[in-house]
1. So which of B:V16, B:V60 is among the β-branched types (V, I, T), without any contact (Cβ under 8 Å) to a residue 24 or more places away in the chain and over 16 Å from A:G382 (Cα atoms)?
2. Taking A:A378, is it farther than 24 Å from A:A283 by Cβ, away from chain B (no Cβ under 13 Å) and not β-branched (V, I, T)?
3. Take the residues of segment B:54-78 that are assigned to a strand (DSSP E or B) and surrounded by fewer than 21 Cβ atoms within 10 Å (Cβ to Cβ): which is nearest to the other protein chains (Cβ to nearest Cβ)?
4. Among the residues of segment A:145-164, is any closer than 27 Å to A:T322 by Cβ and surrounded by fewer than 24 Cβ atoms within 10 Å (Cβ to Cβ)?
5. Out of all the residues in segment A:101-116, is one or more closer than 19 Å to A:A193 by Cβ, assigned to a helix (DSSP H, G or I), at pLDDT below 95 and open to solvent by 30 Å² or more (accessible area, probe 1.4 Å)?
6. Tally time: how many residues in segment A:153-210 are at pLDDT below 90, closer than 30 Å to A:V68 by Cα and small (G, A, S)?
7. Hey, can you tell me all the residues within segment A:576-591 that are surrounded by 16 or more Cβ atoms within 10 Å (Cβ to Cβ) and closer than 17 Å to A:N162 by Cβ?
8. Go through B:I15, B:I104 for me and flag whichever is within 9 Å of chain A (Cβ to nearest Cβ), surrounded by fewer than 17 Cβ atoms within 10 Å (Cβ to Cβ) and not acidic (D, E).
Amino acid sequence: MIPEMGEFALILAFCFSVLLATIPLYGATVNNAVWMSFAKPLARGQFLFVAISFVCLAYAFSQDDFTVKYVAEHSNSQLPMQFKLSAVWGGHEGSLLLWAFILSGWTVAVSLFSRALPLDMLARVLAVMGIIAVGFDLFLLETSSPFLRLLPEAPADGADLNPLLQDFGLIVHPPMLYMGYVGFSVAFAFAIAALLSGRLDAAWARWSRPWTNLAWAFLGMGITLGSWWAYYELGWGGWWFWDPVENASLMPWLVGTALIHSLAVTEKRGVFKSWTVLLAIFAFSLSLLGTFLVRSGVLTSVHAFASDPKRGLFILVLLAITIGGSLTLYAFKAPNVKSEALFSWASRETFLLINNLLLTVMAATVLLGTLYPLLLDAMGGGKISVGPPYFNALFVPIMGTMAVALGIATAARWRETSLALFINTLWKPAAASVLFALVSAFTYGKEFHFAVFIGMFLSFWVIFTVTQDFLHKFNNANSILEKLSKLSLSYYGMMVAHFGVAVVAIGITLVSHYSEERDIRMAVGDTLDLAGYHFEFKGSTHVEGENYVAERGALLISKNGTEVTTLNPEKRNYNAQRSMMTEAAIDPGLWRDLYVALGEPLDNGAWAVRIQYKPFVRWLWLGGILIAAGGLLTVADKRYRKKSAVI
Amino acid sequence: MTPKRKKRLTIILAIVLGSSIAVGLTLYALKQNINLFYSTTQVAKGEAPQDARIRVGGMVIKGSLKRSPNSLRVEFKITNYEHDVTVVFTGILPDLFREGQGIIAQGKLDASGIFQADEVLAKHDENYMPPEIKDSLKHKPAEVAK
């Protein structure tokens, strides 16, 4: 009964979304307050029924109801409870339901926290989100219902969740990522509502900003978690593969980053308005594209699911309607938008424009590298793949330029900045960065790499300029505490996020140049010296887990004769799917990770072993967390809490 | 020209210049890093280039896997049920590498027609068949798979 209830609730949610998509929008068009006021209750009703549907599916998982096809395919009676629940989004249908659930959650959040919003604006925003929900609910019901039954011949036990996904990473990574993807629908809805009403002004940017920053922070967190998960769970110690699915999440993040900066200019200075709207449209379109790429099975990727082409076509049509529709609207409305202010070349506006250009170019190059193989194949040009060197060759110089511009921008003022001010402010941090970079590049590691010098220079440059700007705010301060509390949370958020950029840059620079790794054959008692550490293989033992059996190796690690730790990597064999899984063992540290993984068993108790030394690898994720935390801080800024919008 | 027009012209020129540099670099990088896929038939007939980084895919023939006793060098044969190619790889094979399953190897073809792989990819989903391999298998006689 429960699964049928879930299906029924989903149908009801679909009906609510149809009403939400039409009634308030009609009300806003004819300026009828009663019709517009339907928006809030409809948004809540829709949320309620999607939530019921979601809970029903989770319940079916917890009860091992293998008569439900989706449960039978993605769960197993032996699966530990937390993974049974996270298996809800372990496959195509359930993750789409999660998508719809999160969308209705964002919709209801907008209806709750937008008391300052004029009624017609709110009605339009909620209606646009309703339109998106119509598309997705229909998609779920039509092609991907998770509630289909396998009757009368239900399997006795489920096929089990893919062992790679039986991990803490999977519990949190997809919801975070989806919070980000779907969160951009709010920015999109605000942009479309503003276009419809013709009120593209500073107030619009102010309403849209906290939502956009929040979605962006979630997406950044999701990407960081994904990278961390790939590092320890995929088994081979890489942290970014330029895999099409990773790219799919990176593109909306890049455009989203451009968007939050451009929104800041629009709010403060009233310029870049139509550009901001365009970015909002693209950020959400790229989120949809990401969903399409992952779900349609067109990609050869670690994440790709074998799936049904009908689904791919459906999302493609949805994508075409979203992009086509919103760009058409944009083409009609955007020419009426006028900038309110002028600015000169040497101004903060220009630097934010540079930021936007570079980020958009980056997103475009990633898009090209991801889609080019698909397009070429579709046009009969043969099967190709684009390798990581392509992305690195383009990404690294653009990132570097970004970091330089970020530092200079801290000296720039709105409207106009004199050259003398730039030079006076920046020569000290520039000199200090060169010095620090030289010292660190010469002292760290065995040899000097010019690339390390550049990477460290950029990182120090960002750190010093951002810090100097912060200290600058204390000139003529009576008491430090007073000043500290006077700076807005938005300012702190910006600072934390920009520090995060430097931390990521340090991580990338050092881990790319000083990592050491060996794949070797190790019999019991064999040793290896790597990066000053001494690894001794102590053999392997047989262990049994809740739903798997494993061979557990033991490696004793010492440095200069003193024991550091013993690592126990595992090779697991999951009972239900009979599939092998590498479970790496890591000794984490702020300065370096020691990483060991078992390859295959060889004869006489020997193993193929991968041993890695990864300096500063944690900084990548630490930086990612800082960037996302910066985004969260800005959302908490109290100027967004004011009841009425002050312009 | 009025100063305003002059400014506009500079902006447009800068954008044109910037985007053409970007496009040029992109195409250059793309050209250097495209890995073409070849079927085992194309390799056997000598249609695949030597010394270029390419991808070859096929099913691993059962019983063809040979390990060298004291290193991580492995050798195996892949097939599309018409022609076979020998692949040599030194390193750790992915978890889902198994005889009888589809894999993609990335690397270079040497003068003797042996594929020197530096990367072997096997998919995480057992039912999933990389589209490249699926297309290169024209028919699937069961006796070869066994």
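The values are calculated or read from the model by the stated rules, or taken from the named source; none is laboratory data. Remember, it's a predicted structure, so these values are computed and weren't measured experimentally. Reconstructed Cβ throughout: ideal geometry from the backbone, glycine too, with neighbour counts over all protein chains shown. Calculation scope for accessible area: heavy atoms of the full protein, side chains included, ligands and nucleic acids excluded. Shrake-Rupley method; radii C 1.70, N 1.55, O 1.52, S 1.80 Å.
1. Numbers: B:V60 fails: without any contact (Cβ under 8 Å) to a residue 24 or more places away in the chain.
Result: B:V16 is the single residue among B:V16, B:V60 that is among the β-branched types (V, I, T), without any contact (Cβ under 8 Å) to a residue 24 or more places away in the chain and over 16 Å from A:G382 (Cα atoms).
2. No: the conditions fail for A:A378.
3. B:R67
4. yes
5. There is at least one residue in segment A:101-116 that is closer than 19 Å to A:A193 by Cβ, assigned to a helix (DSSP H, G or I), at pLDDT below 95 and open to solvent by 30 Å² or more (accessible area, probe 1.4 Å).
6. Final tally of qualifying residues: 5.
7. A:A576, A:Q577, A:S579, A:M580, A:M581, A:T582, A:E583
8. On the way: B:I104 fails: surrounded by fewer than 17 Cβ atoms within 10 Å (Cβ to Cβ).
Checking each option against the conditions leaves just B:I15.
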